[in-house]
Amino acid sequence: MDQAEKLRSIIKQNQISAPQAARVITVTSGKGGVGKSNVSINLAVEFKRMGKRVIIFDADFGLANIEVMFGTVPKNNLADLIYKGSDIRDVITRGPLDIGFISGGSGIAGLSNLGKDYINYLVQQLSQLDSIADVIIIDTGAGISDSVMEFLVASGEILLVTTPEPTSITDSYSLLKALKRHESFDESSSSVKVISNKVATSVEGQQLFNKLNTVVMRYLKLEVEYLGCIPQDQELSDAVMQQQPICISNPNAKSAKAFKDLAMTLMDIPHEAQVYRRGMASFFANMVRGKHFS
């Protein structure tokens, strides 16, 4: 049995043993400062309130936005799993409402240098997340770096956060262009949904999407969907300064209500939820298969 077959065997065994695979949602943006991590955290809060077990995977290594916004410092990160043999449960830090999060640390940067035995080990460990979580939110870095693109092409469900700033729209288009042209991107098995953030009105949110979608359809022929919008909200900015998710500190704030609506929309897609429920082991295997298991 070659390495690729072993990898597929591990995934299949875990899919059989686990009652069902977790839903993996990847949140990204074309540039920094558009509120991507806020989206990840507050969606996690709303999913938790719906009774879902949620884990955030902080893949924006070097910035540690999730732990800063949660006001919690993790004792371990992905590097401990990779290089020290820690168990996956040992690298999960618990934040507000018992939401789990995993810090990528410097571990993600070293994925491309891992040997096949390490990859098999990681897949086995990460597959345990399917029995720990119902939803796994991956908070990527911003932009079109190789590490960000690897997460996106492996994902079946992508949320792209953009704002009305011209540079944000341009960078969002650049990200979608890079995704479309990536040799490992399978458009038929991926869904890209756009969130308009920091808008004055819902009308502006729709117009922002329409503007982006027009050029995407014309030049990339890539289908993207509009998920909804989040209004510009000073109370959200205040919550960030206090290192608290707005959906916890002030659930009646207009931005908090918008996050709740977005979460309900995402969960109210039974067909899509089933289609994209591949599990974390399968997601991770998609990331590394091209490099290590050709």
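Throughout, read-outs are computed from the coordinates displayed, never taken from laboratory work. On a predicted model such as this, the values are computed, not experimentally measured, just so you know. Glycine also receives a Cβ, built like all others from the backbone with ideal geometry; neighbour counts cover every protein chain displayed.
Spin-label model, residue 183/residue 235: points 7 Å from Cα along the beta carbon direction are separated by 5.0 nm. Using the Cβ-Cβ distance between residue 201 and residue 145 with R0 = 35 Å, the FRET efficiency computed as 1/(1 + (r/R0)^6) comes to roughly 0.60. Most tightly packed first, judged by the mean number of other beta-carbon atoms within 10 Å of their residues, the peptides 153-161, 75-83 read 153-161, 75-83.
The amide H of residue 163, built 1.01 Å from its N in the peptide plane, has 169, 197 as neighbours under 5 Å, considering only residues 5 or more places off or on other chains.
A simple rule links phi to the HN-Hα coupling: the Karplus curve 6.51 cos²θ - 1.76 cosθ + 1.60 with θ = phi - 60°, which for region 243-259 gives 6, 9, x, 4, 5, 9, 6, 8, x, 8, 5, 5, 5, 4, 5, 5, 4 Hz, with x for Gly and Pro. Backbone amide hydrogens, once placed in the peptide plane, bring residue 86 within less than 5 Å of 81, excluding anything fewer than 5 places away on its chain.
If packing is taken as the average count of other Cβ atoms within 10 Å, what order do 137-147, 40-50 fall into, highest mean first?
Numbers: 137-147: 20.1, 40-50: 23.3.
Averaged packing, sorted descending, gives the order 40-50, 137-147.
3J(HN,Hα) along region 88-104: 4, 5, 6, 9, 8, 9, 9, x, x, 6, 6, 6, x, 9, 10, 7, x Hz, from the Karplus curve 6.51 cos²θ - 1.76 cosθ + 1.60 with θ = phi - 60°, whole Hz, x for Gly and Pro. Each residue of region 176-183 was assigned a 3J(HN,Hα) from its phi angle through the Karplus expression (A = 6.51, B = -1.76, C = 1.60, θ = phi - 60°), giving 5, 5, 5, 5, 4, 8, 5, 5 Hz with x at Gly and Pro.
Assuming 0.36 nm per residue, please report the length gained on full extension of the stretch residue 87 to residue 264 beyond their Cα-Cα distance. Please report the intermediate quantities before stating the final value.
Values: separation 177, 0.36 × 177 = 63.72 nm, distance 3.27 nm.
Using 0.36 nm per residue and subtracting the Cα-Cα distance, I get 60.4 nm.
Taking 24 Å as the cut-off for C-alpha to C-alpha distance, list the pairs among 52/193; 177/211; 75/257 that go past it. Among 52/193; 177/211; 75/257, the Cα-Cα distance tops 24 Å for 75/257.
Take the Cβ atoms of residue 221 and residue 124, set R0 to 51 Å, and the FRET efficiency comes out at 0.85. Name the shape class, rounded, prolate or oblate, that the alpha-carbon gyration tensor gives for region 143-241, where a ≥ b ≥ c are the square roots of its eigenvalues, rounded holds for a/c under 1.5, and otherwise prolate holds if a/b is larger than b/c and oblate otherwise. The shape class here is prolate.
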